[in-house]
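What follows is a short report on a single structure.
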Amino acid sequence: MTTPQMIVILSGFALTVLIVWYFWLSPKGQTRAAVSASGAQEVAIMVKGGYSPDVIVAQKGRPVRLTFTRQESSSCSEQVLFPDFNQSALLPEGEQVTLEFTPSEPGEYGFQCQMGMLRGKLIVE
């Protein structure tokens with residue numbers, strides 16, 4: 001094997017490792033839900049190529065109020081689903097849509113678009 005071939009192989013391997021780390025292994029930031037005057041835990045979520053923030057920390061037994069604003073026209077992001085709470089909402093482009101529920105048990109609960117391509121996580125403590 002020649003030196004240029006080794007460089008190409010090692011570069012390809014390094015790039016593969018970087019991609020795996022970035023998409024699957026890198027630590028994700030968490031956003032703690034702010035408690036409003038009404039006692040509900042509130043978070044504003046922007047939908048544009050994904051959910052931002054996509055990891056939300058909340059307390060059990062308190063209402064969680066998530067306000068989604070969709071800033072794209074992709075059909076994948078038209079709806080958000082919270083299967084563990086039997087909740088969903090249609091997200092018209094450019095409009096704020098609020099989804100409210102009360103988690104009663106601690107745990108990690110996923111949310112996603114109807115196609116499962118956009119994903120997020122609600123961590124209940």
Mean shadow area of the stretch 31-124 over all directions, Cα convex hull, nm²: 5.2
Using +1 at the Cβ of each Lys and Arg and -1 at the Cβ of each Asp and Glu in the chain, identify which of L10, I45, P63 lies farthest towards the dipole's positive end. L10
Relative contact order (%) - criterion: Cα under 8 Å, at least six apart; region: the chain: 22
For the chain, the dipole about the Cα centre with charges only on Cβ (Lys and Arg +1, Asp and Glu -1), to the nearest 20 debye, works out at 260
Please report the antiparallel percentage of DSSP beta bridges with both residues in the stretch 1-76, rounded to the nearest 5. 30
Using only Cα atoms, find the angle between the long axis of helix 3-20 and the longest principal axis of the chain, and express it within 0 to 90 degrees, rounded to the nearest 10. 10
Would you work out which of A34, V20, L118 lies farthest towards the positive end of the dipole of the chain? Charges go on Cβ: Lys and Arg +1, Asp and Glu -1. V20
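Read the figures in this text as sums done on the coordinates, not as results from a lab. Everything numeric in this text was worked out from a predicted model, so none of it was measured. Every residue, glycine as well, gets a Cβ built from its backbone with ideal geometry; the counts of neighbours run over all protein chains shown.
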